[in-house]
Each structure stands twice: as C-alpha cells, then as structure tokens.
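*Asks:* Could you have a look at this structure, given as structure tokens, before my questions?
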Amino acid sequence: MPRDLGGPMVSALYLHIPFCARKCAYCDFPSWATPVADPLMAAYARALEAQLAEAAALGLVEGCGTAYVGGGTPTLLGEKDLGSLVSAVRSAAPGVTELSCEANPDSLADGVIYALRAAGATRLSVGVQSLDDGELAELGRLHDAACARDRVAAAVGSGLDVSVDLMCATPGQTDGSWRRTLEGALALGVGHVSVYPLQIEEGTALDRRYADDPCPWNSDEVQAARMSDAQVMLEGSGLARYEVASYAVAGKRCRHNMAYWTGAPYLGLGTGASSMLSLNGYLRLCDAAPQLPMPPEGTVRARFTVTTGRRALAADPRLAALSASLEFLTGAQAVAEDLMLGARLVDGLDPALVSRARGLFGARLDDTLADLLSRGLLAERGGRLAPTKSGWLLGNELYGALWDLASGEVASASC
C-alpha cells in the first residue's frame, strides 16, 4: 500500500493511568487496585514519557491541540510523577492548549493540584459522582461528600478549569438526593458538569451484588427522569448542554471530548487506551511499530486499543513492543460513524458531513433522516439536524439508525 504521509496526523492525545486505590463497584475500565508505594506506578509513568517522546519524534503529535490524562486514578501517581508526566506532554506536544487530568477527591492533595498547574495542566475533571455519603458507599467510592466539596473547592481556587462528574440512577438515590447533589455541585462554582446514568456492567461488583434484583432504581424511566432533572437544574444555573451528558458555562466546553465526537484523529497511549487515526497517521505509526498489520484496501480510518499489560509496558515502552486489537473502517463506515457521534451534540450534524454522506449513501440517507425526523429523534434547528430530547433519551435507536447506513463488517485484526 502506498505511504501517503501528508494530511492530518493527531489532533488529540489521551494517556491512560490504570491504577486505583480501590476498584469502584461499578467500574469495568482497565484499572487495578495498587498500593501507593508500588514502584510499578513510577515505572509506568516513565514508560508513557518514553512513548510520548517516540510519538513526537515520528511527528505524530505536533498538531495536537488537546490532551487528557485519564484512568484509573491519575492523581494516585502523586505530585512528582504526575507533574513529570504532564511536563512530558507539554514537551512532546507544545501546541496543546487544553490539558485535562482526571482526579479522585481522596487523592487530590493540594500539592498535586499545584504540581499539575505548574507542569502545564489547564483543567481538572473530578470524579465526585454523588454528594450523598450513603450513595458513595454503595458505589464503592473512597471519599465522602465533605471530602469532595473540600477538594473541588481547592481545585476551583487554584485557578484551573474544573469539571465534576456526577452519576444518577444509583443504589439508594432518590429524586431529592439527586437534586441535592446537583445543587451542591453548582454551589462549588465549577464551569463544567458531566452527568451519567449508572450502567451496571457485567462482571463488576454491582453486577454480582444485584444479579437477582430487577433494580427498579436503575430503570430506563428513572434514568430518563434524573437526566431531565439535571438538564433543568444545570441549564437554570447558566450551564448550557452541548452534548448528551455534558454541560458547561460559556467558553468552558471540553475541547478534548469534542474531538472524539467530531471525527478528529486522536492517539491513546497506555494499557487499554484507544486511538482513532486517519490512514496517514496509522501508516506513520507503523514506521515505528512494524508489528501493526497493514490495513486492507479501502481503509480510511484505523481504530486500535492497546492490549499490552501495565507491567509489560513499564518493562518495555517501545512502540515496537506494543500489542493491540484493531479495526479498519472504510470511507462509508467512517462517515456513518461521524454521523452517529455528531448526533450526540446539541449543535447537531455538520451540513458538510451530511453532504458528504449524501454522496455516499444517496436516497438511503434521506430516507433514514426523514424517518428519524418523523419519529421525533432529530429536529431541524438553526439549519442543522440536531438531536431532540427524545433522541438523547433513545440514543441507541438514533445512533444505531445512522451507523446502519454503512454496509459490511468492520475489518478487524490483532497483533
């Protein structure tokens, strides 16, 4: 296959930290309970720094505008190692203007906050989940409500942009306790709030705990009601919804997450991290990682998830040593995926994207859009087709209809 190395490489960078003080009851992310003194964490952080340097030498990340350090619990690394990693991001991708780091209240010490700011972080995303102690205990969180309030207030006071994550339809939650959590979060003066219904994932502690329970507190109806309550309260306090689960004051949308929803290429480093690269970016990565398979003819987009374990990655951080699972998308599949992701956004579908899709799918696109409009899942707003409230609440139907425009199975591989 010819190596066309022009065009976009990577617009966004994600680093995955797979360590936690304790595994939460709902979590199925690639993360493991790890003692604070475990030397593996420092070795893993240095390995990510080495991979960053290698990616920079390839020219992969020179166009990055955003970066996100997620987990797991990045703040468990402590001020020295986390600060060093953020500095490495700044060195490898000097064009980054938004650099976010996830945090848990129990490990968000003052020293960590100020080390992050000094190293060049601009934003903190704090996993509060609830401001009710009973609900936090049910979820397996280590912090209590008082700790969450104190640490979020400290983060806001540092001058960093601050977002909080909140979770609804959880064990023990009531309409009243959910409203109190929302009110409490708003009182802290944060500029961004993400709200998610609890998903009980197979194999988690919550799944085992409630295996024989119908979980009426987590029904579709309860989830919809809680998300609607959040919309009313957050928008009433000056935070505008810009994505199905995200609200922000003016100028504080998370630009990194917007990259995911608008089809921008991104690179993920670390155990379990996912990437989405253009063909050009993927071929550039193959220059340093020849174990990656050549994409099939017709590929325009490559998705891959790092399957190298945390210990193996710390021992040998070379990109040439990575293992991964991969998917290769055709042009039609990539456009269908972009339509599906764009339908998460308040701004709706980019007319240029719709025009491109019409060129690929013809009358099938118009029939699908007409059906979604007639069912009230999309509506015309400001010259764009945008999701309605029903479209968000019935997201699987909306997104599935758009994805189904693409034909054929997605090609997959592993290495």
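*Asks:* Just to check, using Stokes-Einstein with a Kirkwood Rh over alpha carbon pairs, what's the diffusion coefficient of segment 17-56 at 25 °C and 0.890 mPa s in µm²/s?
*Replies:* Result for D is 215 µm²/s.
*Asks:* With each label point set 7 Å from Cα along the Cα-Cβ vector, what nm distance links residue 311 and residue 294?
*Replies:* For the pair residue 311/residue 294, the computed spacing is 3.7 nm.
*Asks:* Go through segment 166-173 residue by residue and turn each phi into a ³J(HN,Hα) via Karplus (6.51, -1.76, 1.60, θ = phi - 60°); whole Hz please, and just put x for glycine and proline.
*Replies:* These are the phi-based 3J(HN,Hα) values: 10, 10, 10, 6, 10, x, x, 6 Hz.
*Asks:* I would also like to ask the following. In debye to the nearest 20, how big a dipole does the chain give about its Cα centre with +1 on each Lys and Arg Cβ and -1 on each Asp and Glu Cβ?
*Replies:* 920
*Asks:* From the P(r) of segment 149-278, could you give the percentage of C-alpha pairs in the tail past 16 Å?
*Replies:* Counting every Cα pair in segment 149-278, those more than 16 Å apart make up 69 percent.
*Asks:* Let me ask something else about it. Determine the percent antiparallel among the DSSP beta bridges restricted to segment 12-258, to the nearest 5.
*Replies:* Of all bridge pairs located within segment 12-258, approximately 20 percent are antiparallel.
*Asks:* Where does the charge balance sit around residue 150 when Lys and Arg score +1, Asp and Glu -1, over other residues with C-beta under 12 Å from its C-beta?
*Replies:* Local net charge: -1.
*Asks:* Let me know the charge dipole size of segment 95-236 about its Cα centre in debye, to the nearest 20, where only the beta-carbon of Lys, Arg (+1) and Asp, Glu (-1) is charged.
*Replies:* Computed about the Cα centre, the dipole is about 520 debye.
*Asks:* If you place +1 on the Cβ of every Lys and Arg and -1 on the Cβ of every Asp and Glu, how big does the dipole about the Cα centre of segment 336-403 come out, in debye to the nearest 20?
*Replies:* Around 100 debye, computed over segment 336-403.
*Asks:* Now for a separate question. Would you mind computing Rg(Cα) / (2.2 N^0.38 Å) for segment 92-137, counting N as its residues?
*Replies:* After normalising by residue count via 2.2 N^0.38 Å, the value is 1.43.
*Asks:* Among the lysines, which fall within straight-line cross-link reach of residue 389, defined as a Cα-Cα distance under 23 Å, with same-chain neighbours fewer than 8 residues apart omitted?
*Replies:* Once the sequence-local lysines are set aside, what remains near residue 389 is 252.
*Asks:* While we're on this one: Given the convex hull of the Cα atoms of segment 23-90, what is a quarter of its surface area in nm²? Kindly include the intermediate steps, with their values, before the conclusion.
*Replies:* On the way: hull surface 21.1 nm².
Projected over every direction and averaged, the Cα hull of segment 23-90 covers 5.3 nm².
*Asks:* How would 168, 24, 147 line up from fewest to most surrounding beta-carbon atoms within 10 angstrom?
*Replies:* 147, 24, 168
*Asks:* At 222 nm, what helix-only mean residue ellipticity would the chain give, in deg cm²/dmol to the nearest 500, using -39500 (n - 2.57) for each DSSP H run of four or more?
*Replies:* On the way: 16 runs with 171 residues, N = 415.
About -12500 deg cm²/dmol.
*Asks:* Once Lys and Arg get +1 and Asp and Glu get -1 on their Cβ, which of 378, 249, 55 lies farthest toward the positive end of the dipole of the chain?
*Replies:* My answer, from the dipole projection, is 55.
*Asks:* Among 369, 391, 401, pick out the residue whose Cα is farthest towards the positive end of the charge dipole of segment 336-403, where Lys and Arg carry +1 and Asp and Glu carry -1 on C-beta, about the Cα centre.
*Replies:* 391
*Asks:* In a shell of Cβ-Cβ distance under 12 Å around residue 242, excluding residue 242 itself, what net charge do Lys and Arg (+1) and Asp and Glu (-1) give?
*Replies:* Overall, the nearby charge balance is +2.
*Asks:* Can you put 178, 392, 217, 32 in order of Cβ neighbours within 10 angstrom, beginning with the fewest?
*Replies:* Working: 178 26, 392 21, 217 18, 32 14.
So the ranking, lowest neighbour count to highest, is 32, 217, 392, 178.
*Asks:* At a Förster distance of 56 Å, what's the computed FRET efficiency of residue 199 paired with residue 57, Cβ-Cβ distance as r, to 0.05? Display every interim value, and only then the final one.
*Replies:* Numbers: r = 39 Å, r/R0 = 0.70.
It comes out at approximately 0.90.
*Asks:* Straight-line reach only, C-alpha to C-alpha below 26 angstrom: list the lysines that residue 23 could link to, leaving out same-chain residues fewer than 8 apart.
*Replies:* Cross-link targets: 80.
No value in this document is a laboratory result; all are computed from the given coordinates. Predicted model only: the values in this text are computed from it and were never measured. Virtual Cβ from ideal backbone geometry, glycine too; neighbours counted across all protein chains shown.
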